[in-house]
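Peer 1: For reference, the structure I am asking about is given below.
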Amino acid sequence: MFFYFDFFQSAFVICTSVLAVICFSNLLSPVFTHFLKLFVSDAEIIEKKRNLHLFGLHSFSDILSYIVSLFVVSLWIITGHWIFMDLIGIGFCIVFISIIRLPSLKVSLLLLFGLVIYDVVWVYFSKFIFNSNVMVKVATKEADNPFNFFAKRLNIDFKEAPKLSLPGKLVIPSYQEEGNFSILGLGDIVIPGLLLCFVLRFDAYKRNQMAFNYNVEKSRNIKEEKTQTGFNLSNNKKNLTRFSQFNNFFFRQFTRVQIRRWSYFRCSLIGYLFGLLTATMSSEIFHQAQPALLFLVPSILFPLLMMAYLNGDLNLMWNKPNFGLKSSASFNV
């Protein structure tokens, strides 16, 4: 994009617009389905697929989501406002994170460290090769609005539409200096988001594993109680059994509370927020662009690895894709 942006800028805008409509429609379709079921009693009317010939089979909620998505993308093209660009960027991030899955911590580390090196090289050292910061120039470059091109070709007298900044980042206007924006690349959201999604699935696996072990132990205790029927236990033995059951129950509940309170996901999320704050402060102090992954990756990985090592889960996270689950096992996040 650094070398050929000017030649393919219209193609970039058109492809981005098409992808944005598809992403937004996929996100909004289940939302519209949920809300339509609140007002329409017959669910078959909502979920029934209608033949749209060239566009295939789509339900009413799908059609409605496509219309709203097309409206949002059209507003971005016509106005070029940063709010619509951020909405499109957020849609890209959510769809990407929902589709891609990291299989293990080993793969996650290889991906993260490779992208950190890539980010650092293009932010810090590209100016020595290309006499400009390639990452910043690509992120802030604006494309010609295709609306102007079609208006001229069709001889439509219309106010010239603004240039478009492609939604490869999220921009937040500065309240101190008018006209300045803080930029956060989508990669700085998606890449840590993939790791957070991985640890969230691992937390779900641990919760299901604890529930499974609890049910196995409970069934074993029931079998033992059945085998002991017909025998008279002394009062001391009964009290000891009750105390042991209470102790085991209390320990399980305490362990569940601790794991739920200090889950890997919460630990990683706090690390991400700390890394984002550090990157922002570094950018403000040095008054230049910073590779956010350089701050985000260590702040997420160090507490995550330490916590996994202390809990004895590091080997399972590191080596075994899908956490060593059998094909019959399943869990939802």
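The values are calculated or read from the model by the stated rules, or taken from the named source; none is laboratory data. Here the structure is a predicted model, which means the values were calculated and not measured. Quick reminder, even Gly has a Cβ in these numbers, built from the backbone with ideal geometry, and neighbours come from all protein chains shown. Calculation scope for accessible area: heavy atoms of the full protein, side chains included, ligands and nucleic acids excluded. Shrake-Rupley method; radii C 1.70, N 1.55, O 1.52, S 1.80 Å.
Peer 1: Looking at the range 58-66, is at least one residue over 30 Å from P298 (Cα atoms) and open to solvent by 60 Å² or more (accessible area, probe 1.4 Å)? Full working, then the answer.
Peer 2: We begin by selecting, within the range 58-66, every residue over 30 Å from P298 (Cα atoms); these are 58-66.
Those still in the list that are open to solvent by 60 Å² or more (accessible area, probe 1.4 Å) too: 60, 66.
Yes, the range 58-66 contains a residue that is over 30 Å from P298 (Cα atoms) and open to solvent by 60 Å² or more (accessible area, probe 1.4 Å).
Peer 1: Does the range 25-47 contain any residue that is touching a Lys or Arg at 6+ places or on another chain (Cβ under 7 Å) and either among the aliphatic types (A, V, I, L, M) or more than 30 Å from D144 (Cβ to Cβ) (or both)? Please lay out each step first, then the result.
Peer 2: Going residue by residue through the range 25-47, those that are touching a Lys or Arg at 6+ places or on another chain (Cβ under 7 Å) are 43, 46.
Then keep just the ones that are either among the aliphatic types (A, V, I, L, M) or more than 30 Å from D144 (Cβ to Cβ) (or both); that gives 43, 46.
The answer is yes, given that some residue of the range 25-47 is touching a Lys or Arg at 6+ places or on another chain (Cβ under 7 Å) and either among the aliphatic types (A, V, I, L, M) or more than 30 Å from D144 (Cβ to Cβ) (or both).
Peer 1: Could you list, in sequence order, the residues of the range 279-293 that are in a helix (DSSP H, G or I) and more than 19 Å from the chain's Cα centre (by Cα)? Steps first, answer last, please.
Peer 2: First pass over the range 279-293, keeping only residues in a helix (DSSP H, G or I): 279-286, 292-293.
Matches in the range 279-293: A279, T280, M281, S282, S283, E284, I285, F286.
Peer 1: Of F250, F231, F246, which residue is open to solvent by 80 Å² or more (accessible area, probe 1.4 Å), in a loop (DSSP other than H, G, I, E, B) and at pLDDT below 80?
Peer 2: Working: F250 fails: in a loop (DSSP other than H, G, I, E, B); F246 fails: in a loop (DSSP other than H, G, I, E, B).
The match here is F231.
Peer 1: For the range 24-36, check the following and say yes or no: at least one residue is open to solvent by 30 Å² or more (accessible area, probe 1.4 Å), outside any helix (DSSP H, G or I) and over 26 Å from K137 (Cβ atoms).
Peer 2: Within the range 24-36, not a single residue is open to solvent by 30 Å² or more (accessible area, probe 1.4 Å), outside any helix (DSSP H, G or I) and over 26 Å from K137 (Cβ atoms).
Peer 1: If only one of V40, V107, V95 is surrounded by 12 or more Cβ atoms within 10 Å (Cβ to Cβ), closer than 26 Å to P167 by Cβ and hydrophobic (A, V, I, L, M, F, W, C), which one is it? Before the answer, list the steps.
Peer 2: Values: V40 fails: closer than 26 Å to P167 by Cβ; V107 fails: closer than 26 Å to P167 by Cβ.
Result of the check over V40, V107, V95: V95.
Peer 1: If a residue has to be without any contact (Cβ under 8 Å) to a residue 12 or more places away in the chain and either open to solvent by 60 Å² or more (accessible area, probe 1.4 Å) or among the charged types (D, E, K, R) (or both) to count, how many in the range 71-92 make the cut?
Peer 2: Residues in the range 71-92 being without any contact (Cβ under 8 Å) to a residue 12 or more places away in the chain and either open to solvent by 60 Å² or more (accessible area, probe 1.4 Å) or among the charged types (D, E, K, R) (or both): 3 in total.
Peer 1: Tell me whether the range 144-164 contains one or more residues that are open to solvent by less than 70 Å² (accessible area, probe 1.4 Å), under 30 Å from L28 (Cβ atoms) and in contact with a Phe, Trp or Tyr (Cβ under 7 Å, 6 or more places away or on another chain).
Peer 2: yes
Peer 1: Related question: Kindly provide the set of residues from the range 53-67 that are closer than 16 Å to S25 by Cα and either part of a loop (DSSP other than H, G, I, E, B) or modelled with pLDDT under 80 (or both), ordered by number. Let's see the steps before the verdict.
Peer 2: Start the filter on the range 53-67 by keeping residues that are closer than 16 Å to S25 by Cα, which leaves 55-67.
Those that are closer than 16 Å to S25 by Cα and either part of a loop (DSSP other than H, G, I, E, B) or modelled with pLDDT under 80 (or both): F55, G56, L57, H58, S59.
Peer 1: Can you name the residue in the range 110-121 that is open to solvent by 40 Å² or more (accessible area, probe 1.4 Å) and either in contact (Cβ under 8 Å) with a residue 40 or more places away in the chain or of a type in the set (D, E, K, R) (or both) and, of all such residues, is nearest to L195 (Cα to Cα)?
Peer 2: Filtering first and then ranking leaves L111.
Peer 1: So if I check each of I183, I129, I90, which one is at pLDDT 75 or above and under 28 Å from F202 (Cβ atoms)? Give the steps one after another, and end with the answer.
Peer 2: Details: I183 fails: under 28 Å from F202 (Cβ atoms); I129 fails: under 28 Å from F202 (Cβ atoms).
The conditions single out I90.
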